[in-house]
Each structure stands twice: as C-alpha cells, then as structure tokens.
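For reference, the structure is listed below as structure tokens.
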Amino acid sequence: SKITVLVGQDRVRVQFATLHGPTSRHCWVRLIDGHREHPEAKDLRWVHEREALERLIAPPVNEVVLMSWHDRRFYEGLSSNFFAVRRVGTGRDPAFRNFELVSAPLDSVLLGTIMKLVLRICERDGIAVAYEPWLELEQWSGAFVTSTSRLVLPVERIVHGEHEQRVDGDNPLVDHLRQSVELMMVEQSVEV
C-alpha cells in the first residue's frame, strides 16, 4: 500500500492507495515545461498541481518529467526521479564504465529513496555523476526513472511536444544500476 499524509494549515489528511509496480520492463516518459517551487517538500499545493499533470500520463507514457524549455534543463518526474546516461568512452570493461550518469542538481529535486541508493551505487562502483541536467537528447545513450514502486525502470522513448526520441532501454549502465538496486533491496529486506 501507498500511504500519503497531507498536512495543511488547518487539517491533516491521510490517503491510502494500492501501490502498483510497472507492467513492462521499459517505459516512455513525457517532458513537460514546469518545475516544483519547493522540491524538498510534498506539500498540498504540489499535490493539486500534480493532479492536472497526471492526466498527461496515458499508455504507453509511464511518467511526466518536469523540465524547462527556456533553460533546456530537466528536473524530476511527478512521482519519480529522472536520470539520463551519456557515453564517455569505449572499450572499458565492464561495459557500464563507458557511461556516466546525468542528474538534476540535488537541491532542485526531492531526493527519493531509490535515487539515494543509485547515487550510493555510483559512488561504490566509481561511476561518474554529472549534475548537468541539460536537455541533450541526441547525446543520451539511455535514461531511467526511479521510485519505490518502479525501483530502476529503464526508459526506451522520450516524448517532447510532437517529437519522440528513442534511447537504449537496455543500456549497460542502466542495467547495472537496475540489477544493483534490486540486489540491495533483497539484501536489506527483512522477512516478516
């Protein structure tokens, strides 16, 4: 179950919802112009703003990613963190070392639980993280979203306006991070 607690000026509300995982091994995301004024908080205002944007999610699109057309920067998804992958070399072994992770600056997004795990894995495995969230779709070798229901879900197509950009849904770095997060989740789980 997903439990959301909303704290307003004069009341507290609790929402209960079924937590659905992804129905596919890959997903599509839609880029939409916008950002959260206070990304570190899930406030009531954001919940209402997000409701309108959630209407843009319809199969095959799994998530809406906020970005700025003016600055050509990406931020985060409505219910996820978003990462791009860029090639930085060739011929390295293992293959994931030929790529670096691209992320929005940490002060411009809500740091999700799975995002924190991804960054720990990058530090552990010596994977470079560039906090340069420029919309350079033609340079992206892969992309993925993270959340507690999706863990690491590879992106295979990015929709922006009337255009679509394919990215490698089976990128070696994305696959390494997906497998590593799944392994960490199993290792840190406790049987009840």
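The values are calculated or read from the model by the stated rules, or taken from the named source; none is laboratory data. Since the structure is predicted, the reported quantities are computational estimates derived from the model, not experimental observations. Using ideal geometry, Cβ is built from the backbone for each residue, glycine included, and neighbour counts are taken over all protein chains shown. Each accessible area value is taken on the protein alone, full model and side chains, heavy atoms only, with ligands, DNA and RNA left out. Shrake-Rupley method; radii C 1.70, N 1.55, O 1.52, S 1.80 Å.
Structure notes:
- The chain - percent of accessible surface contributed by carbon and sulfur, probe 1.4 Å: 50
- Placing unit charges on the Cβ atoms only, positive for Lys and Arg and negative for Asp and Glu, gives the chain a dipole magnitude near 260 debye about its Cα centre.
- Potential extension, E132-L44 segment - 0.36 nm per residue separation minus Cα distance: 28.8 nm
- For the pair D170 and V5, a Förster radius of 41 Å applied to the C-beta separation gives a FRET efficiency near 0.60, rounded to the nearest 0.05.
- Relative contact order for the range 95-192, counting Cα pairs under 8 Å that sit 6 or more residues apart, in percent: 29
- When the charge dipole of the chain is built from unit charges on Cβ atoms (+1 for Lys and Arg, -1 for Asp and Glu) and taken about the Cα centre, the candidate among G34, G126, V14 whose Cα reaches farthest toward its positive end is V14.
- Ranked by the mean number of other Cβ atoms within 10 Å per residue, highest first, peptides 49-61, 133-145 order as 133-145, 49-61.
- Seen against the Cα atoms of the chain and their longest principal axis, helix 113-125 is set at about 20 degrees.
- Sequence of T90, T113, T4 from largest to smallest accessible area, 1.4 Å probe: T90, T113, T4
- Here the calculated FRET efficiency for H35 and R55, from their Cβ-Cβ distance with R0 = 25 Å, stands at 0.85, rounded to the nearest 0.05.
- Those trypsin sites (Lys or Arg not before Pro) in the range 104-192 that DSSP places in a loop and that have at most 16 other beta carbons within 10 Å: none
- Solvent accessible area, Å² - H163, 1.4 Å probe, full protein context: 120
- Spin-label model, S189 to Q139: label points 7 Å out along the Cα-to-beta-carbon direction sit 3.9 nm apart.
- Charge dipole of the range 1-137 about the Cα centre (unit charges at C-beta), most positive-ward option of W69, G91, N81: G91
- Relative contact order for the chain, counting Cα pairs under 8 Å that sit 6 or more residues apart, in percent: 21
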